[in-house]
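The values are calculated or read from the model by the stated rules, or taken from the named source; none is laboratory data. Treat the numbers as computed from the prediction; the structure is a model and nothing was measured. All Cβ positions, even for glycine, are placed from backbone atoms using ideal geometry, and neighbour counts span all protein chains on display.
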Amino acid sequence: MAMMTIEALETWLWDAACVIRGPVDAPKFKDYILPLVFLKRLSDVFDDELERLSAEYGSRDIALQLLEQERERGQVHLVRFYIPENAHWEKIRQHEVSGLGQFLTDAVRSVARENLSLHGVVDMVDFNATAAGQRIISDEHLSSLINVLSRYRLGLQDVEPDLLGRAYEYLLRKFAEDQGQSAGEFYTPREVAILMAHLLDPQPGMTVYDPTCGSGGLLIKCHLRLLETHGVRENRRLKLPPGIAPLRLFGQEINPATFAIARMNVIIHDMQADIRIGDTMRHPAFVDAAGRLQTFDRVTANPMWNQKFPVETYENDPYERFALGTPPSSSADWGWLQHMLASLNERGKMAVVLDTGAVSRGSGNQGSNRERDIRKAFVERDLIEAVILLPENLFYNTTAPGIILLVNRAKPRRGEILLINASQQFAKGRPKNYLTEEHIARIAALYHAWRAEEGLAAIITSDEAARNDYNLSPSRYVSTNGKDEVLPLEEAVVRLLEAEEERAEADRELSQILQKLGLWR
């Protein structure tokens, strides 16, 4: 039997979105569709496993009896997840329209009760919820949605695990296209995530961490990259052969709904990942028994660009993360970078997507600048390995280009920084540009070969970076067709806020001096 194609998947999901269009706004499509896709996957996989057990033990009754015995002991090992009778998809499909919302809500809650690891994941949605005295989504619309989702089986042999992950990506992308600004906080374009996984080149058994993991896409791409480089194909699926250890994945996400999506996403990929909820900057989740930050082999992240935190967030930090300098309150970019640096072990490497200004703001200014000074400290400690300038209009929350910054505690080429200007490496798309497989391969090959190339990449020394006041923008060192660098509007706003913050600080210092001299009250 042929597995579902990507085209069929996207048509199926679009049809599902269309049947609840009207009562549910586009941003909410995923809130109803994704948990039901996930529940159907769990149910179909459970049916597959029950069929296998029935063949192994001679009858379905014996298999069910064994499962019930395990369930009563509170330790189910024969199946991935135990699905109670009322949550089987066929039961849901056969339920009458009246009362369907409450039946669905009861079903997902019963799955969460039976499987503690799914608590707060599968049961995040109340399908019977009301707003202003009206049902948000009626039983009739839910019935139509279930009919659409019933078109395909989602069992072990029906779909690739990654194809199910593509369902999540598709709906997140469609949401991002509709919502723009509000979506980029948790969605990194798929091809950017793939490029980052190529750059990090994770090896068997490594630990990989994302402190702002969103829907889990960056961690998943590292897992898939390991499968590509070390996996073997078995029953139409890539698997790691015996003796090859999988990655150990760790992530933290502040938004409860996005955290639930991340947990669903890693489960649907058959991955073992420790995803925790919480505010990483203020309360990092991964600490050891002594209260020190846990460290990892690889860090991959796309934190919210130019996030604003009060300066007090960085001062007197109990984890001693900000020893290289206190970032300005107008942009947490170098706060996030210092948290991630503190989360790297002595051989660790990280790839982080940031606003382009993170590598240039403050350079050329007279006097001190917090971001430039932190950047200087990174360069002087020979931590920055490469900076890659991405094309414009890739991201859903901005048309501005971003950069990928690579930090390596064990740089093989000391005193050198590779700068890749990939601003022209894209295919035109609607509504967004995108990187093709060829673009990804070309950029990754330049990095791994550590090669300069006219109009695309340059290698500079730490001394050269110092002479340019620690401006590490690739466009400063690599020109493409003589195009001038244009400052994006978002970047101009951040620079203005930073300048105002520096002016206010200078005014405070001046007033203190005048007060000491008795010239100011």
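Tabulated data for the structure shown
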| item | result |
| --- | --- |
| The listed residue being surrounded by fewer than 20 Cβ atoms within 10 Å (Cβ to Cβ), closer than 19 Å to Ser475 by Cα, assigned by TED's automatic domain parsing to the domain that holds Tyr470 and not hydroxyl-bearing (Ser, Thr, Tyr), out of Ala452, Ala441 | Ala452 |
| Long-range neighbours under 8 Å by Cβ, at least six apart or interchain, first residue more than 16 Å from Ser110 (Cβ to Cβ) and assigned by TED's automatic domain parsing to the domain that holds Lys40 within segment 69-86, second in a helix (DSSP H, G or I) and acidic (Asp, Glu) | His77/Glu70; Leu78/Glu49; Leu78/Glu70; Arg80/Glu49 |
| Counted residues, segment 319-341 - those being among the small types (Gly, Ala, Ser), crowded, with 21+ Cβ neighbours inside 10 Å and under 21 Å from Val287 (Cβ atoms) | 2 |
| Where a residue in segment 225-249 is among the hydroxyl-bearing types (Ser, Thr, Tyr) and its partner, wherever it lies, is surrounded by 12 or more Cβ atoms within 10 Å (Cβ to Cβ), with Cβ under 9 Å and at least six apart | Thr229/Asp201; Thr229/Pro202; Thr229/Gln203 |
| Any pair with Cβ under 9 angstrom, 6 or more apart, that starts in segment 352-371 at a residue that is assigned by TED's automatic domain parsing to the domain that holds Asn468 and on the phi > 0 side of the Ramachandran plot and ends at one that is in a loop (DSSP other than H, G, I, E, B) and of a type in the set (D, E, K, R) | Gly362/Asp469; Gly364/Asp469 |
| Output for segment 366-379, where each listed residue is over 14 Å from Val407 (Cα atoms) and either assigned to a loop (DSSP other than H, G, I, E, B) or among the aromatic types (Phe, Trp, Tyr) (or both) | Gln366, Gly367, Ser368, Asn369 |
| Unique match (being among the hydrophobic types (A, V, I, L, M, F, W, C), surrounded by 22 or more Cβ atoms within 10 Å (Cβ to Cβ) and either part of a loop (DSSP other than H, G, I, E, B) or under 21 Å from the mean Cα position of the chain (by Cα) (or both)) among Val387, Val407 | Val387 |
| Residues of segment 104-122 classified as in a loop (DSSP other than H, G, I, E, B) and polar (S, T, N, Q), total | 1 |
| Matching option when the condition is in the same structural domain as Asp297 (by TED's automatic domain parsing), more than 20 Å from Glu160 (Cβ to Cβ) and not charged (D, E, K, R), among Ile261, Ile244, Ile254 | Ile254 |
| Elements of type strands (runs of 3 or more DSSP E) contained in segment 206-254, each with 2 or more residues being modelled with pLDDT of 95 or more, under 16 Å from the mean Cα position of the chain (by Cα) and not small (Gly, Ala, Ser) | 207-210, 248-253 |
| Contacts under 8 angstrom Cβ, first residue in segment 157-175 being part of a helix (DSSP H, G or I), partner among the small types (Gly, Ala, Ser) and at pLDDT 75 or above, 6 or more apart | Tyr168/Ser215; Glu169/Gly217; Leu171/Ala17; Leu172/Ser215; Lys174/Ala17 |
| Matching residues in segment 279-301 - criterion: being assigned to a strand (DSSP E or B) and not basic (Lys, Arg) | Val287, Leu293, Phe296, Asp297, Val299, Thr300, Ala301 |
| Which numbered condition Ala400 fails, given (1) buried (at least 19 other Cβ atoms within 10 Å of the Cβ); (2) in contact with a strand residue (DSSP E or B) (Cβ under 9 Å, 6 or more places away or on another chain); (3) closer than 25 Å to Asp201 by Cβ | (3) |
| Filtered residue count, segment 327-365, keeping only those that are closer than 18 Å to Val379 by Cβ and part of a loop (DSSP other than H, G, I, E, B) | 7 |
| Pairs, first surrounded by 14 or more Cβ atoms within 10 Å (Cβ to Cβ) and part of a loop (DSSP other than H, G, I, E, B) in segment 302-318, second modelled with pLDDT of 90 or more and polar (S, T, N, Q), C-beta under 6 Å, six or more apart | Pro303/Thr212; Asn306/Ser331; Tyr314/Thr326 |
| Qualifying residue in segment 497-508 (condition: buried (at least 16 other Cβ atoms within 10 Å of the Cβ), part of a helix (DSSP H, G or I), at pLDDT 95 or above and more than 29 Å from the chain's Cα centre (by Cα)) | no |
| Residue selected from segment 10-37 under the condition farther than 22 Å from Val108 by Cα and touching a helix residue (DSSP H, G or I) at 6+ places or on another chain (Cβ under 6 Å), by the criterion modelled with the lowest pLDDT | Ala26 |
